[in-house]
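Enquirer: Pasting a structure below so you can have a look.
The values are calculated or read from the model by the stated rules, or taken from the named source; none is laboratory data. Remember, predicted model here, so these are calculated numbers, not experimental data. Note that each Cβ is placed from the backbone with ideal geometry, even for glycine, and that neighbours are counted across all protein chains shown. Surface areas here come from the heavy atoms of the whole protein model, side chains and all, with no ligands, DNA or RNA. Shrake-Rupley method; radii C 1.70, N 1.55, O 1.52, S 1.80 Å.
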Amino acid sequence: MQLNDGHAPEAGGDTVRSEPVSTDAPQRLWFDGELHEAGKLQATLGTHALHYGSGVFEGIRAYATRDGAAVFRLPEHLARMRKGCELLGMDFDIAQATEAVLATLCANRLGDAYVRPLAWYGDGGFGLDVTGRSHHLMVATSATNLHLNGNRARVSVSRWRRNPASSLPPLKLCGAYVNSILAKRETRARGFDEAMFVDDNNYVVECTGANLFFVRDGAITAVEHPDALPGITRDTLIRLTGADSRPVSMEELLDADEVFACGTAAEVAPIAEIDGRRFDAESPLSREIAAVYAATVRGESSWSGRWLTRV
Ligand code: PMP
């Protein structure tokens, strides 16, 4: 297989490590325009989002690169967040959110980091009408470890259906994630690591927090489904590999040589089995794709420049 980015990392390709993060320093968090000590902030118990899930979040990653920390595909993450905010009637200023993300990473002196912006409706009564209600924005960060996806997941098809897009559009709306929590709980209770959703026609949707790809006879396919979140990692991998994006039945997925999940947090995560059907333990193509993805997010591929925002 020829990946679109077959380039080896540029010369001097030492493994990039994040700078050591002092665990003593109190973490800072950006809230409504200012940085604060994270532990000193509290939300009131009447917070609307706490009762009804009326919030929108993102999951973003920053990476330590040779030229310092950089955020991967920040504009795309914030554009998706704005869509969710618009749907819920919250103002969302991408320029301000960009500043907030960069300022929080800078304040916490992080290299490899997970970044969590959250916009939500605050206090002001229990009604469902959010017109005129106050809303807030925060950005929290946490240090991530390298190579989170060393363990190949054992996956099971959930008995729950994915929120249909006609009821809840596939955006990162807080309340929508109760659906993922139910699926995860149910499959974990049956001894699996992760859940995946299929629809009523036995077409594959996605996992609880990641999209799915498969490899068959050297060809890479991205699972497409209207109820699945249009993942930014998925889009990245389609561009890097030239993968075909189309609807995939469960039958076809189970016939694959390799299956992997992908997402900002998961990165490229080969799947060991789905309900007892085991896939190639070596997962050679998935590993190759994971390596190209890793080089790209760390600024070492020809694709990196357009997708990294320096901190
Ligand atoms: N599906 C769901 C339900 C998710 O929560 C995520 C993580 N954001 C993904 C897919 C992958 O999306 P992305 O690659 O943009 O992180």
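Enquirer: So, in the range 68-86, how many residues would count as being away from the ligand (no atom under 12 Å from the Cβ), open to solvent by less than 10 Å² (accessible area, probe 1.4 Å) and out of contact with any helix residue (DSSP H, G or I) (no Cβ under 8 Å at 6 or more places or on another chain)?
Expert: Selection size over the range 68-86: 2.
Enquirer: Count, please, the residues in the range 35-67 that happen to be within 16 Å of Ser304 (Cβ to Cβ) and either open to solvent by 30 Å² or more (accessible area, probe 1.4 Å) or among the hydroxyl-bearing types (Ser, Thr, Tyr) (or both).
Expert: 4
Enquirer: Still on this structure, please answer the following. Residues of the range 217-251 being more than 16 Å from the ligand (Cβ to nearest atom), assigned to a helix (DSSP H, G or I) and open to solvent by less than 60 Å² (accessible area, probe 1.4 Å), which ones?
Expert: Met250
Enquirer: Looking at the range 28-71 only, could you name the residues that are in a strand (DSSP E or B) and over 19 Å from the mean Cα position of the chain (by Cα)?
Expert: Within the range 28-71, Arg28, Leu29, Trp30, Phe31, Glu34, Leu35, His36, Glu37, Thr65, Gly68 qualify.
Enquirer: Before we move on, is Ser142 open to solvent by less than 60 Å² (accessible area, probe 1.4 Å), touching a residue at least 12 places away in the same chain (Cβ under 8 Å), of a type in the set (Ser, Thr, Tyr) and within 13 Å of the ligand (Cβ to nearest atom)?
Expert: So Ser142 fails the test.
Enquirer: Filter the range 206-216 down to the residues that are within 16 Å of the ligand (Cβ to nearest atom) and open to solvent by 20 Å² or more (accessible area, probe 1.4 Å) and list them by number.
Expert: Answer for the range 206-216, where residues must be within 16 Å of the ligand (Cβ to nearest atom) and open to solvent by 20 Å² or more (accessible area, probe 1.4 Å): just Gly209.
Enquirer: Further question: If only one of Tyr177, Tyr203 is more than 30 Å from Val71 (Cα to Cα) and within 16 Å of the ligand (Cβ to nearest atom), which one is it? Spell out how you get there, then give the answer.
Expert: Working: Tyr177 fails: more than 30 Å from Val71 (Cα to Cα).
Being more than 30 Å from Val71 (Cα to Cα) and within 16 Å of the ligand (Cβ to nearest atom) holds for just one of Tyr177, Tyr203, which is Tyr203.
Enquirer: Could I ask something else about it? Being among the small types (Gly, Ala, Ser), part of a helix (DSSP H, G or I) and open to solvent by less than 30 Å² (accessible area, probe 1.4 Å) is the filter; apply it to the range 87-118 and report the residue that is nearest to the ligand (Cβ to nearest atom).
Expert: Within the range 87-118, the match that is nearest to the ligand (Cβ to nearest atom) is Ala97.
Enquirer: Where residues in the range 149-181 are open to solvent by 60 Å² or more (accessible area, probe 1.4 Å) and in a helix (DSSP H, G or I), which of them is farthest from Asp255 (Cα to Cα)?
Expert: Per the stated criteria, the residue is Val178.
Enquirer: Picking from Ala265, Ala269, which residue would you name as being in a strand (DSSP E or B), open to solvent by 10 Å² or more (accessible area, probe 1.4 Å) and within 14 Å of the ligand (Cβ to nearest atom)? If you could, list the steps in order and put the result at the bottom.
Expert: On the way: Ala265 fails: in a strand (DSSP E or B).
Testing whether each residue is in a strand (DSSP E or B), open to solvent by 10 Å² or more (accessible area, probe 1.4 Å) and within 14 Å of the ligand (Cβ to nearest atom) leaves just Ala269.
Enquirer: Before we move on, is Ile274 closer than 27 Å to Ser142 by Cβ and in contact with a strand residue (DSSP E or B) (Cβ under 6 Å, 6 or more places away or on another chain)?
Expert: no
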